[in-house]
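Inspection log for the structure reproduced underneath, given as structure tokens.
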Amino acid sequence: RAKQQGRKTFAFYSTEIMASSVERVLIERGLRAALSAQQLELYYQPQVDMVTGRIVGMEALLRWHHPERGLVQPDSFIGVAEETGLISEIGEWVIQQGCRQARLWREQGFNLGYLWVNVSPRQILHNGIEDAIAQAMHENQLPGGAIKLGIEITESLLQSMPQSIEVLGKLRALGVRIAIDDFGTGFSSLGLLKQLPIDVIKIDKMFVRHLAVDGDSQAITAAMISMTHTLGMGVVAEGVETAEQLEFLRMQSCDVVQGYLFGAPLCPAEATQLLVKHRLGWPDPPSAEFSPP
Ligand code: C2E
Ligand code: MG
Ligand code: MG
Ligand code: MG
């Protein structure tokens, strides 16, 4: 009987592994076509200043309009893109497209501070990233403009320290702001981060999620905010969904908040509409009574 069960288990696993590798091949093939077929699009999510209640940034989040599967979220394809090296090409497109949108918004008179793009650690170590970013900024007249470029990178970057320090230093010299994304989920300490030229820490949404009810999440979040400030960096909380979470973050002097409470990632036309609405008036400052648009 045990033998039978063992066999069944084996069959089950091998089918699953097969399916996932087939799936990977399909994703890889699809992604190669997606770039040239213009199936990729950047959505934008607002970042709101805690004190003024103003939109001070937009984060660009990648979407794939798959011909059969519809709108595909990045978590199901960024990993494959990183493994296959396709991330370099996709990442360059993201940087160019983000800079183009920043230019458009600037031309329309929107004074939002920063346009943030996500950059995979692998892209940072790829030769020529500084040139690609510098060129995209120059083509869209971003240096010194009303909208500046920021990049978000996860903590796994810290595994390749000396190289990262050099590249990030060059990017910073171009006026690019650097944020560490999903902070608290990796293995790094703020002490280690201090060696990198970093401007902003983004607290991962897993800490924000239970802020209203979980003492540990509260203690960790409060500590991350105060340590970040001590090190002279700014702090953004991601995944803010409720007034209670916002209130806690406000009391801890978090600088900027981002999450469904203020708006989900929006397609470019909707994101522009949000900026128009925002210019006409926005609840100020954010409070427990804050009502999302
Ligand atoms: P991330 O950079 O940490 O982005 C935050 C994710 O949280 C986004 O998921 C966003 O839609 C989601 N989110 C925002 N507000 C809330 C909220 O209030 N509650 C909850 N539960 N979720 C919220 P998304 O767009 O699916 O992106 C997932 C991840 O994919 C990103 O995490 C980022 O690591 C990666 N990614 C997205 N675009 C790019 C890109 O252009 N390049 C690279 N290399 N990675 C990207
Ligand atoms: Mg991000
Ligand atoms: Mg994040
Ligand atoms: Mg993330």
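Over all distinct Cα pairs, what is the inverse of the mean 1/r for the range 174-221, reported as the Kirkwood hydrodynamic radius in Å?
12.0
Can you pull the percent of the chain's accessible area that's carbon plus sulfur, 1.4 Å probe, other chains left in place? Walk me through the intermediate numbers first.
Numbers: 7880 of 14690 Å².
Carbon and sulfur: 54 percent of the exposed surface of the chain.
What value, in deg cm²/dmol to 500, does the helix sum -39500 (n - 2.57) over DSSP H runs of n ≥ 4 give at 222 nm once divided by the residues of the chain? Before the final figure, lay out each step's value.
Working: 11 runs with 138 residues, N = 293.
So the calculated ellipticity at 222 nm is -15000 deg cm²/dmol.
Run the numbers for E89 and L104: contour at 0.36 nm per residue of separation, minus the present Cα-Cα distance, in nm.
Result: 3.1 nm gained on full extension.
May I ask for the distance between the Cα centers of the range 209-234 and the range 139-169, given as a whole number of Å?
Each part's Cα centre sits 24 Å from the other's.
How much of the DSSP beta bridge set in the chain is antiparallel, as a percent to the nearest 5?
Values: 15 of 38 bridges.
Percent antiparallel among DSSP bridges in the chain is about 40.
If you build the convex hull over the alpha carbons only and average its shadow over all orientations, what do you get for the range 64-120? Give it in nm² to one decimal.
4.9
Work out how far the C-alpha atoms of the range 100-158 reach from end to end along every principal axis, then list the three figures in whole Å, largest first.
If we take the Cα atoms of the range 100-158, the spans are 37, 21, 16 Å.
With a 10 Å radius around each residue's Cβ, average the other Cβ atoms per peptide and rank 101-107, 80-86, highest first. All intermediate terms of the calculation are to be shown ahead of the outcome.
Working: 101-107: 19.1, 80-86: 16.1.
By packing density, highest mean first, the sequence is 101-107, 80-86.
Label point 7 Å out from Q39 along Cα-to-Cβ: which residues of the range 79-117 have amide N under 18 Å?
Backbone N within reach: 79-91, 93-94.
Could you do me a favour and compute the accessible area per residue for the chain, 1.4 Å probe, result in Å²?
Roughly 50 Å² per residue, with all protein chains present.
If you take the beta carbon distance between H138 and Q163 as r and set R0 to 30 Å, what does 1/(1 + (r/R0)^6) give as a FRET efficiency, to the nearest 0.05?
FRET efficiency, H138 to Q163: 0.80.
Between R29 and Q218, what FRET efficiency follows from the Cβ-Cβ distance if R0 is 45 Å, with the result rounded to 0.05?
0.45
Within the chain, which complete DSSP H helices have Cα atoms spanning at least 20 Å along the helix axis and a mean Kyte-Doolittle hydropathy of -0.5 or higher?
Span-like helices here: 2-36, 215-230.
At 7 Å along Cα-to-Cβ for each site, give me the label-to-label distance between R209 and R69 in nm.
2.2
Using Cα-Cα distances under 8 Å and only pairs 6 or more residues apart, what relative contact order does the chain have, in percent?
Numbers: 453 pairs, mean separation 54.9, N = 293.
In percent, rounded to a whole number, it is 19.
For a quick size check, give me the Cα extents of the chain along its three principal axes, largest first, whole Å.
The Cα atoms of the chain stretch 66, 48, 41 Å along the principal axes, largest first.
The values are calculated or read from the model by the stated rules, or taken from the named source; none is laboratory data. Just so we're clear, the structure is a prediction, and the values are computed from it rather than from any experiment. Note that each Cβ is placed from the backbone with ideal geometry, even for glycine, and that neighbours are counted across all protein chains shown. Heads up: the accessible areas ignore ligands, DNA and RNA and are worked out on the full protein's heavy atoms, side chains in. Shrake-Rupley method; radii C 1.70, N 1.55, O 1.52, S 1.80 Å.
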